[in-house]
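Please read the structure below before turning to the comments.
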Amino acid sequence: AAVSTAARASQRAPARVSSGAPRTPMARRAVSASRGLGVRARAEKGSGDAGDASAATATKEGKGKKADDSKNAEAKKALMRALEKGEPVKGRVEVANRGGLILRVFNGRFRAFLPLSQMASSRTLKVKSTRVTAPKTVTAPLASFDDDEEDFVPPPAVPAAEKEEKKARQTGKDAAVAALEGQVGKTIDVKITSVDGTKIVVSERALAQERGAKALEVGVRASGVIVSLSDFGAFVELSEDDPQAPRMEGLIHISELSWNRISHPGDVVRVGDEVDVKVLDVAPGQGNKSARVTFSLKQTQADPLLETLDTIMPVAMPEPSMDEDELLDTPLPGLMDICANLLTEDGIDAVIPGRQAVEQRVVSQDLELWLTNAVVADGYNLLARAGRQVQEIHVVTGLNRDSIKLAIKRATSAIKK
């Protein structure tokens, strides 16, 4: 009975399978299915994490794009406002080419073109110097042979400086670009002149003229450099450090270059000369016309015709030549007649000829009479000039300065008639 009970109990108890024993096909299928479920679960979990990361990245990119679009829109508004109101804009030079400079404006968000013609003239002086004409064709001397002596005479060697000059002429355009490349990296104040889609054109010259016309006062003195010459005058550009009108360009008319008569501005100044000038007139811009300013060079210097003989003649006079002795003995043509005419004017008590001198150059071929700035207690001193001769005339009178000028004008006009 005990045996049968144990046998039945053993039949009811589940069989224990050892780890080393082979599994049944059904058991293997069960294990494989459980493993598959685990892999799918982990895969689904991983794909969920990746999806969350992609979504987060896309969200950040979207926000960055919106912020960038917002900044671009603000920069675009600022660009159009600068165009409409003429506000100055700072641009950093990025590239130089044969036509001008490429600038980055509005913190680098836009590229703008600064044409060569709209740059300050002082920036283009080196460029203009590279514009050389094509070299003339020169036939080199042929090598000579002497059949009898069988010697060879080589052509003359070309100096190194000549070779460099020829190379510069052949690459003239590249030299012009090289001259502008010195501007790369610099910051330039400009004015927006046109916007056409992505094409932005700016001008440095227009901004300098507008600023200068508002700040420059007539009568002040300024320093500048001669940037170009023409038949009717010289153009000067004020210093970039000028407190009122930096880089403003204006004209010195030929009549304002020198107190002496000149035939061409090149007789007095050259391109690149540094000069001090006086402001004569400032005309603000109107419509398409830019602001203009006119200067005087001669008015920064003493007028030799308004000096006395004390400044004309040096303290230690050199020995005069025979020609100068003859000039000193020769009376100025028509002077005595002018003195006689002055004595007929009301208010003039006496006309006394004074010292004579001979100048180094011819001032005027015709006789001219000028009123000096010398202060005289009983009247005025005049200077009579003709050719190289000059003589001082003392006029005793109680007339004021305007009245004596009219008297002199009448006296000289009577002689010309």
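Looking at this structure, is Leu305 more than 27 Å from Glu204 (Cα to Cα), at pLDDT below 90, crowded, with 17+ Cβ neighbours inside 10 Å and under 41 Å from the mean Cα position of the chain (by Cα)?
So Leu305 fits the description; yes.
Exactly one of these conditions fails for Leu383: (1) free of Cβ contacts under 8 Å to residues at least 12 places away in the same chain; (2) open to solvent by less than 40 Å² (accessible area, probe 1.4 Å). Give me its number.
(1)
Only residues that are modelled with pLDDT of 90 or more and either in contact with a helix residue (DSSP H, G or I) (Cβ under 6 Å, 6 or more places away or on another chain) or not in a strand (DSSP E or B) (or both): list them for region 273-285, please.
Listed by number, the residues that qualify are Asp273, Asp276, Lys278, Val282.
Quick check, is Arg355 over 20 Å from Leu406 (Cα atoms), modelled with pLDDT under 85, open to solvent by 70 Å² or more (accessible area, probe 1.4 Å) and assigned to a loop (DSSP other than H, G, I, E, B)?
No.
Go through (1) modelled with pLDDT under 80; (2) open to solvent by 60 Å² or more (accessible area, probe 1.4 Å); (3) more than 47 Å from the chain's Cα centre (by Cα) for Ala414 and report which single condition fails.
The failed condition is (2).
Does Asn400 fit the bill of being loosely packed, with under 13 Cβ neighbours inside 10 Å, at pLDDT 85 or above and assigned by the TED database to the domain that holds Ile348?
The answer is yes for Asn400.
When you scan region 229-252, how many residues do you find that are crowded, with 16+ Cβ neighbours inside 10 Å and either on the phi > 0 side of the Ramachandran plot or not aromatic (Phe, Trp, Tyr) (or both)?
16
The values are calculated or read from the model by the stated rules, or taken from the named source; none is laboratory data. Given the structure is predicted, the values throughout are model-derived calculations rather than measurements. Using ideal geometry, Cβ is built from the backbone for each residue, glycine included, and neighbour counts are taken over all protein chains shown. Accessible surface areas use protein heavy atoms only, side chains included; no ligands, DNA or RNA. Shrake-Rupley method; radii C 1.70, N 1.55, O 1.52, S 1.80 Å.
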